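First comes the structure, then the notes that go with it.
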Amino acid sequence: MRRLIAALCLALPALAAQAGAQKYEPLSASVQAALHKAVSDARPPTSSFRDPIEATNWLSEMSRRLEKRIPNREYRIELLRAVHYEAKRAGLDPQLVLGLMQVESGFRKYAVSSAGARGYMQVMPFWVKLIGRADDNLFHLRTNLRYGCTILRHYLDIEKGDLFRALGRYNGSLGQAEYPNMVRASWEKNWDWPAAAPRT
């Protein structure tokens with residue numbers, strides 16, 4: 001298993017620009033309204049971290065890992081805070097979201113797939129018409145993360161918590177193992193990190 005994960009991780013840089021795309025599926029009015037509310041809520045002025053120690057530890061560790069891809073420290077910390085907030089808000093593991101971003105866009109803000117998916121989390125534009133507002137910009141950091149995390153949470157709910165199938169839906173490759181395995185490999189090899197116990 002470790003060899004498979006290592007091999008998949010070596011392939012990630014070459015495959016990052018070839019991400020698939022979510023597929024349009026009709027939504028019931030109630031689901032559409034719930035998703036619209038989820039992407040439209042204003043960001044409350046609170047931190048998603050339990051306490052300042054957790055924030056410092058997590059941001060320092062993830063920042064170190066992301067430094068080669070995003071050299072600007074200020075922007076890197078802003079991105080990581082946004083990832084943590086939007087992931088937690090959607091009930092997702094922030095490190096899973098980082099793994100997905102690495103596979104989907106290689107952490108390129110303006111990435112566009114051959115199918116037209118946009119930004120860090122490669123969100124398809126049809127989602128803006130379906131659940132958003134006409135002026136939502138999928139290249140905007142928080143907008144892209146808000147949509148991406150909301151969509152992944154939606155797919156997890158549809159699949160009753162089955163991450164493999166939810167990732168397949170996210171990528172438009174439901175039933176195929178390649179994409180879910182790549183995201184899981186990226187998550188486990190590059191971003192998995194248990195919260196450090198507070199130092200005494």
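Observations, loosely collected:
- Counting neighbouring Cβ atoms within 10 Å and putting the fewest first, the residues ARG108, ARG118 line up as ARG108, ARG118.
- Scanning residues 5 or more positions from VAL123 or on other chains, those with amide H under 5 Å from its amide H are ARG118, with H placed 1.01 Å from N in the peptide plane.
- Summarising the label geometry, the points placed 7 Å from Cα in the beta-carbon direction at ASP51 and HIS140 lie 3.5 nm from one another.
- Ordered by the number of other Cβ atoms lying within 10 Å of each residue's own Cβ, fewest first, THR150, THR143, THR56, THR46 fall into the sequence THR46, THR56, THR143, THR150.
- The fewest-to-most ranking of GLU67, GLU188, GLU74 by surrounding Cβ atoms within 10 Å reads GLU74, GLU67, GLU188.
- Computed from phi, the 3J(HN,Hα) profile of the stretch 126-143 under the Karplus parametrisation 6.51, -1.76, 1.60 (θ = phi - 60°) reads 4, 5, 4, 5, 6, 10, x, 10, 4, 8, 5, 9, 6, 8, 6, 3, 5, 5 Hz, with x in place of Gly and Pro.
Where a number appears in this text, it was derived from the coordinates with a stated rule and is not lab data. Remember, predicted model here, so these are calculated numbers, not experimental data. Glycine gets a Cβ as well: all are built from the backbone with ideal geometry, and neighbour counts include every protein chain shown.
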